[in-house]
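Here is the structure we will look at.
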Amino acid sequence: MTPYRHLYVPVDNSEYSNIACEVAVALARASGAAVTGSHVYAARMHDYRFRQMEFTLPAEYQDEQELEKQRKIHDSLITMGLQLISDSYLDVLQRKCEAASVRCARKTFDGKNYQALVEDITGSDYDLVVIGALGLGAVKDSFLGSVTERVMRRVQRDLFVVRNTAPWEQQANGSIVVGIDGSPQSYHGLRVALALGKATSRAVEAVGVYDPYLHYAMFNSIVGVLSADASRVFKFKEQEQLHEEVIDTGLAKIYQSHLEVAAAVAAEEGVDLKITLLDGKAFEKILQYVRKARPWLLVVGRVGVHSAPGMDIGSTTENLVRLAPCHVLLASGTYYPPMDMKAEASIAWTEEAAARMERVPGFVRGLARTAVLRYAIERGHSVITNSVIEAVMDLFMPKRTQETMRQAALDLAIDAVRRAEGVTALCSRCGYIAKAARPVQCPVCQAPGATFQVIDRAAVEALATQEGALTEEETFDGVKLAWTEEARQVLRTVPSGYQRRRAKARIEKSARIRKLTSITRDLAAAVVEETREETEGLSPRPGANVTAPGALPWSQEAAARLTRVPAGFMRDITRGKIEALAAKRGVAVVTLAVAEEAIAEAREMMAEMTRQTQRAEGETALE
């Protein structure tokens, strides 16, 4: 049984719409739900356009009486014709419903498509909207139709965005993946996923993502623009050390706890939930995960744990709706797991503890409050005091008490000395760095000791020596890292500019997480490969020629140069000009020189157009 009782399906006879009908009927049949289909036509718009074009009619139709006659004929034909088309579209849905013994209702509207849909949804009792990602206006590079996007932003109902247009009988395989970030919307999505999993006999798994790279990349990007005085005030070295020693590990534990709560909720439903903790940018890591896992459905909260009140849709969710290769369900409802509900209802806060929580930055306050409440109820506390908060901070954020904050510099120095020798063990599941060579169990994700990868600094240094001369660099916060020549060659395969700077920062951060002082080819290659996956289709692999559809092959350098042009209209125009110039020159491969020449010509043309516009505006002003 699904949690939905009344499904709503906008139809327009596109391939996405037809699959949306099949999805809705299948879900309704599994739970005894009703289905309502609708189509919006635009008779008033056609009538308006006809009146605008009346002046183009032949002279014999320009007589006033004849015009009135033609208007009536046109209005009648348009209204009747569009109504017949709407009925035909809805007949398709009704036949599918009748074949599956599903109750079906029909609605048609004359008006602006998305406005009519939004008004009907908000004024009715539908609890799930099933809508195609694209409509009849879809073109090759379309990701999300304008009607779907506008409906998505304006309605607060669960929304099933149909992306897979394969026939329904070919969609029998594939799991359901749900993103968990600790928000009540993500837990509602989990319950929906569990119900849909049972209704469609599909496995359900949960994925969480925390980002240990964000602050490093941010600090790395701004250090070059701050004055010496500003840098001293900001104390980059202390800030980055604090993140590496405190916040990165704390975030991993917090997000792992969200996944464990999800697993507990699933266990109560009789489902053994597979949970996976990933590190990196949330939408990128989830997108990479679903591209590899190829699930049938991705379920995400409409907004996330960091969203401000009144947010229509979170950025992670919006990106996933546009880019995910599978169906996506936006969970708009909320659900608080029993532990969190009980904690909110039964635990009191002292004034001092409440005031302290209010001083926590807003973007992490929800995470911190949930962590404190879970800790309190697990240990039987009925009142949260400052000492309880301190205990939680020690658990989730080691060394984060007031005393260690005062002694942070000394503690970090001692830790650095302690880690100077020996080996480091890295949990391959969640990225936790262990103090012991090989722990029995990961304290973050509870993975067994066998999942830890032992990193011996001596072995890494020996490998680095084999890969060529080491070149030492100083990072923005004063830490020195040595790069092998082979590692640098790998980095140079990433297109120069923002992409390469970002890849370099991620490589440095990965080395620092692993407590390494040398960056080898393998370490760099792992990060560069992720960068390629994130920009799939834009950056060619080293040494390869790429071919745009219907065009000459491109060299790697030329293709990399094109990626520096803003995506969309500008890049399409630029590609066309480059290929036109290559054809004019009679070359067999589009080279970097040809690309640069065409781009230079395009710049000059734009500059001349700008000069002409300025001259025209100046002449108008003089008049």
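Starting from the amide H of A105, placed 1.01 Å from N in the peptide plane, find each other amide H under 5 Å away whose residue is 5 or more places distant or on another chain.
Counting only residues 5 or more places away or on other chains, the set is V35, T36, G37.
Can you list the HN-Hα couplings for segment 201-209, worked out from phi with the Karplus curve (6.51, -1.76, 1.60; θ = phi - 60°), rounded to whole Hz and with x for Gly and Pro?
6, 10, 6, 10, 9, 10, 10, x, 9
Where does the charge balance sit around T122 when Lys and Arg score +1, Asp and Glu -1, over other residues with C-beta under 9 Å from its C-beta?
Working: positive: R154, R157; negative: E119, D120.
Here the charged neighbours net out to 0.
Between T385 and E485, what length comes free when the chain is fully extended (0.36 nm per residue of separation minus the Cα-Cα distance, one decimal in nm)? Intermediate results must be reported in sequence, preceding the final value.
Details: separation 100, 0.36 × 100 = 36.00 nm, distance 5.45 nm.
Residue separation times 0.36 nm, minus the Cα-Cα distance, leaves 30.6 nm.
Beta carbons within 10 angstrom, averaged per residue: use that to sort the peptides 574-582, 162-170, highest first. Intermediate values should be presented prior to the final figure.
On the way: 574-582: 18.8, 162-170: 14.3.
Result, highest mean Cβ count within 10 Å first: 574-582, 162-170.
Any idea how far apart R5 and K292 come out in nm if each label point goes 7 Å out from Cα toward Cβ?
Distance between label points: 4.2 nm.
Report the gain in length on full extension from V440 to I347: 0.36 nm times residue separation, minus Cα-Cα distance, nm rounded to one decimal.
Values: separation 93, 0.36 × 93 = 33.48 nm, distance 3.47 nm.
Computed gain between V440 and I347 is 30.0 nm.
Just subtract the alpha-carbon distance of A105 and Y336 from 0.36 nm times their residue separation and send over the number in nm, one decimal.
Details: separation 231, 0.36 × 231 = 83.16 nm, distance 3.37 nm.
Between A105 and Y336, full extension yields 79.8 nm more.
For labels at R153 and L214 in the simple 7 Å Cα→Cβ model, what's the distance in nm?
2.3
Given labels modelled 7 Å from the Cα in the Cβ direction, how far is it in nm from Q115 to S201?
The answer from the label model is 4.7 nm.
Could you derive backbone 3J(HN,Hα) for segment 253-263 from the dihedral phi with the Karplus parameters 6.51, -1.76 and 1.60 (θ = phi - 60°), listing whole Hz in sequence and x where the residue is Gly or Pro?
Values per residue, Gly and Pro as x: 5, 5, 5, 5, 5, 4, 5, 5, 4, 4, 5 Hz.
Bear in mind that the values in this text are calculations on the coordinates, not laboratory data. Model, not experiment: these values are computed from the prediction. Glycine also receives a Cβ, built like all others from the backbone with ideal geometry; neighbour counts cover every protein chain displayed.
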